[in-house]
1. Report yes if some residue within segment 59-75 is open to solvent by 20 Å² or more (accessible area, probe 1.4 Å) and within 13 Å of Gly136 (Cβ to Cβ); otherwise report no.
2. Give the residue, chosen from Phe124, Phe115, that is open to solvent by less than 30 Å² (accessible area, probe 1.4 Å), part of a strand (DSSP E or B) and in contact with a helix residue (DSSP H, G or I) (Cβ under 9 Å, 6 or more places away or on another chain).
3. Restricting the first residue to segment 35-53 and requiring it to be open to solvent by 10 Å² or more (accessible area, probe 1.4 Å), which pairs with a second residue that is outside any loop (DSSP other than H, G, I, E, B) meet a Cβ separation below 6 Å and a spacing of at least six or different chains?
4. Is it true that Pro324 is without any contact (Cβ under 8 Å) to a residue 40 or more places away in the chain and out of contact with any Lys or Arg (no Cβ under 8 Å at 6 or more places or on another chain)?
5. Collect the residues in segment 300-351 that are of a type in the set (Phe, Trp, Tyr) and either in a strand (DSSP E or B) or within 19 Å of Leu208 (Cβ to Cβ) (or both), keeping them in residue-number order.
6. Restricting attention to segment 180-205, which residues are buried (at least 16 other Cβ atoms within 10 Å of the Cβ) and small (Gly, Ala, Ser)?
7. Identify, from the list Leu496, Leu501, the residue that is open to solvent by 10 Å² or more (accessible area, probe 1.4 Å), touching a Ser or Thr at 6+ places or on another chain (Cβ under 8 Å) and either in contact (Cβ under 8 Å) with a residue 40 or more places away in the chain or among the small types (Gly, Ala, Ser) (or both).
8. Given the criterion open to solvent by less than 60 Å² (accessible area, probe 1.4 Å), within 22 Å of the chain's Cα centre (by Cα) and modelled with pLDDT under 95, identify the matching residue among Thr345, Thr349.
Amino acid sequence: MSFKALTLWLWCIWLNLFDLSLGAVRHYKFNVQYMIHKPDCIEHLVMAINGQFPGPTIRAQVGDTLHIALTNNLFTEGTLIHWHGIRQYGTPWADGTASISQCAITPGETFHYRFTVDRPGTYFYHGHYGMQRTAGLYGSLIVDLAKGQKEPFHYDGEFNLLLSDWWHESTQVLEVGLSSIPFRWVNDPQSLLINGRGQYNCSMAANLINTTLPQCKFKGGEECEPQILQVDPNKTYRIRIASTTSLVSLNFAIANHKMVVVEADGNYVQPFTIDDIHIHSGESYSVLVTTNQDPNKNYWISVAISGRETTPQALTILNYKTVPTTIFPSSPPSMTPQFDDFNHTKAFTHKILALKGTPPPPQQYDRRLLLLSTENLVNGYGKYAINNISLVLPTTSYLGAIKYKIGGVFDQNPPPENFSTDYDIFNPPMNPNSKTGNGVYMFELNHVVDVILQNANALNGKISELHPWHLHGHDFWVLGYGEGKFKASDESKFNLKNPPLRNTAVLFPYSWTALRFKADNPGVWAFHCHIEPHLHMGMGVVFAEAVQHVDHIPGSCGCYRI
């Protein structure tokens, strides 16, 4: 071996062990496959990773590099994974978004994701191709502080809960229904899952609540048997909670126990105490729970869709180790707010403020987008649209097309930056027809961008839906929320002192939400409603910023084709 070859070989070994910040490289091999499983006691086809559902938990420290070799072992469909909440500074090609950062990984191929986790927090990963998240392609991703650093709060132990919803129809059937005439909505899920486990045909609290369901009788070792959280009395536990739901917003409570919220979407927040939390699709939280109740009892942990009776609540148990796990709580689970009680979830959301020391937002913006979210028709098909354009992604990735100036991939005309001032958000649209498009909002490096999300009436009836919006590649400051149609005078209501940093923010019915972010991450990024059917039907936009500053796109990696 020549000296030059030896030097290169040693250099590659060093890179494989450490990144530039001297963090460790953590290697994972992910095999995406289908398996037969019983998430809610009913046998179903489930998307799994390495034979696990949910997928394996990834755990790393700040500064570590994750190297995940993802092999597609599906028979007939592509796949990829988005690392939700990881900003991908310098690695936009690893964001895992079909047609935006990369092409789908075809059956039999392996793609190597390699990126650095640069801050602590509670995150997760999930499929971002078709509706594969709905099929079960997701898992937890936890980033701990570097050794020697301490959290701004104390706890004695930790649990990690991944919440999701589950359908008995296959995702293929659901997708076809959404793209059919007549239109077929997915309807409420059959069950809710906690760490991939739930009960459809029974209830653990059947003898305590008004239900026709029988009492669950687990035989031991069943795939749907709940994971019980075992605790010691008079200790404080951190519970990490993330929602990968495809459709529903959830209410989470622990009977007789208060919770202190300390983290939201990987950012510390001013601690506040609550009885229950509302968690929307794409959000994550950390709460502190002190086990200061009667140690001779067990307590329900409940997850429910607010006010819905069609989907039974998911239950597990907070088990004080002084009591056998086989003894169920003697009181019913916590009551959930009514479905239309948005004041309850708004009150919770408005309490979330940045912890002292969080970077403040720039006081001025360079550019402002006003994005109107509506239901529409495109050639008779039901769609969602933003400023009257329903997003349809191209077959070639935006990142490669922009970086290498490939023509004919997407519409070169930028999408509209605002909507008509006379649009009546409180009634169905006068003209329901829309069009599809795949244009891009282009931003200059380090420009400060405001996004005003505006909600409106649905296509039929007098109703407005809730939408959790997620931004890839960034956190944003949530400057404020407001009722009705946004007006210039509403800017005086913005919180520029201590707005929370988030990657997902909720847009309430007939309301607006104001966000601000800095375009400091060269790449192409998705910004979309995190409700899976809504994105599938076109509810999203694409942001591109300073792509000329992207140094390297690994075009030789398996699925990356431009």
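1. Narrowing segment 59-75 to residues open to solvent by 20 Å² or more (accessible area, probe 1.4 Å): 59, 61-62, 67, 71, 73, 75.
If we keep only those that are within 13 Å of Gly136 (Cβ to Cβ) too, we end up with none.
No, every residue in segment 59-75 fails to be open to solvent by 20 Å² or more (accessible area, probe 1.4 Å) and within 13 Å of Gly136 (Cβ to Cβ).
2. Numbers: Phe124 fails: in contact with a helix residue (DSSP H, G or I) (Cβ under 9 Å, 6 or more places away or on another chain).
Only one candidate qualifies: Phe115.
3. Every condition considered, the pairs that remain are Met35/Val46; Met35/Ala48; His37/Val46; Leu45/Tyr34; Asn50/Asn31; Phe53/His37; Phe53/Val46.
4. Working: without any contact (Cβ under 8 Å) to a residue 40 or more places away in the chain: yes; out of contact with any Lys or Arg (no Cβ under 8 Å at 6 or more places or on another chain): yes.
It is true that Pro324 is without any contact (Cβ under 8 Å) to a residue 40 or more places away in the chain and out of contact with any Lys or Arg (no Cβ under 8 Å at 6 or more places or on another chain).
5. Step one: list which residues in segment 300-351 are of a type in the set (Phe, Trp, Tyr), which gives 300, 320, 328, 339, 342, 348.
Across segment 300-351, the qualifying residues are Trp300, Tyr320, Phe328.
6. Ser191, Gly196, Gly198, Ser203, Ala205
7. Working: Leu496 fails: touching a Ser or Thr at 6+ places or on another chain (Cβ under 8 Å).
After ruling out the rest, the residue left standing is Leu501.
8. Details: Thr349 fails: modelled with pLDDT under 95.
None of the other options fit; the residue is Thr345.
The values are calculated or read from the model by the stated rules, or taken from the named source; none is laboratory data. Keep in mind it's a predicted model, so treat the numbers as computed, not measured. Reconstructed Cβ throughout: ideal geometry from the backbone, glycine too, with neighbour counts over all protein chains shown. Note: areas computed on protein heavy atoms with side chains; ligands, DNA, RNA excluded. Shrake-Rupley method; radii C 1.70, N 1.55, O 1.52, S 1.80 Å.
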